[in-house]
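The values are calculated or read from the model by the stated rules, or taken from the named source; none is laboratory data. From a predicted model like this one, the values you see are computed outputs, not experimental measurements. Heads up, the Cβs are rebuilt from the backbone with ideal geometry, glycines too, and the neighbour counts pull from every protein chain shown. Each accessible area value is taken on the protein alone, full model and side chains, heavy atoms only, with ligands, DNA and RNA left out. Shrake-Rupley method; radii C 1.70, N 1.55, O 1.52, S 1.80 Å.
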Amino acid sequence: EIKGVDLVSYELQGFVREMAKPNVNFLEIVLSPLRIITDKNYDVLQALARDCVSKAMMGHWQGFSKHTSYHAVQEGYTKPKRNLYLIKIYLQGLFAAKTGKLKSNLHDFKGLPEYNAEIIQELFDCKIENKPFTNKQKFLDYCSVLEKEMEKQLTESTELREKPSDETKIALHDFAIN
């Protein structure tokens with residue numbers, strides 16, 4: 001019996017098509033520091049993924065946050081895992097806007113001035129102890145600030161290109177068919 005393993009597979013052409021949109025979920029997979037196998041092809045794919053990080057991803061972050069917020073409202077903001085995911089979405093968008101890079105781990109965002117160690121630690125503690133989160137108003141206030149700042153930074157960012165270049169899209173297509 002294997003525990004704690006999720007196996008996901010994709011058809012390569014569909015995967016790179018999602019990267020070119022750019023779809024944050026697919027870019028996160030390729031740019032994750034966690035890998036089982038690495039080779040020169042994977043290095044090429046990572047370089048192309050870095051070129052896809054752009055303002056065009058803003059719609060994904062807005063959609064993720066709205067979807068996650070909807071479920072958090074239904075749960076009364078008591079589920080620490082959902083709340084942490086919502087914070088991660090906002091901080092990921094902020095980090096990308098400020099650095100031009102995509103990261104996935106909450107700890108990667110500690111250098112951002114918007115990172116609130118106190119509320120994040122409280123949520124982690126609740127998650128570890130399997131307790132409901134009860135500091136709803138503080139969480140909502142924090143998310144409101146994060147949402148506004150993420151949208152502002154993504155709109156004004158000089159670190160992010162508007163969208164993946166045509167050259168990158170062609171290179172992704174060529175990668176998938178060769």
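Side notes on the structure shown:
- Taking the protein heavy atoms of the chain in the context of the full set of protein chains, the accessible area attributed to carbon and sulfur is 53 percent at 1.4 Å.
- Alpha-carbon centroids, the range 11-48 and the range 123-147: separation in whole Å: 32 Å
- Mean separation of Cα contacts under 8 Å, 6 or more apart, over the residue count of the chain: relative contact order %: 33 percent
- Mean residue ellipticity (222 nm) of the chain, computed from DSSP H runs ≥ 4 via -39,500 (n - 2.57), nearest 500: -20500 deg cm²/dmol
- Fluctuation leader among VAL16, VAL73, VAL53 - the chain, Gaussian network, Cα springs under 10 angstrom: VAL73
- For the chain, modelled as a GNM whose springs connect Cα atoms under 10 angstrom apart, the maximal fluctuation among ALA96, ALA47, ALA56 occurs at ALA47.
- Per-residue 3J(HN,Hα) values for the range 81-92, derived from phi via the Karplus relation 6.51 cos²θ - 1.76 cosθ + 1.60 with θ = phi - 60°, read 5, 5, 5, 5, 5, 5, 4, 4, 4, 5, 5, 5 Hz in sequence order (x marks Gly and Pro).
- FRET efficiency for the pair GLU129 and LEU34, taken as 1/(1 + (r/R0)^6) with r the Cβ-Cβ distance and R0 = 22 Å, rounds to 0.25.
- Cα gyration tensor, the range 1-102 - rounded (a/c under 1.5), prolate or oblate: oblate
- Solvent-accessible area per residue in the chain equals 59 Å², computed with a 1.4 angstrom probe and all protein chains kept.
- Within the chain, the longest run free of exposed loop sites, counting trypsin sites (Lys or Arg not before Pro) that sit outside DSSP helix and strand states (H, G, I, E, B) and have at most 14 other Cβ atoms within 10 Å, spans 111-178.
- Placed amide H near ARG161: partners under 5 Å, 5+ positions off or other chain: LYS55
- Global form of the range 62-129, assessed from the alpha-carbon gyration tensor, a/c cut-off 1.5: oblate
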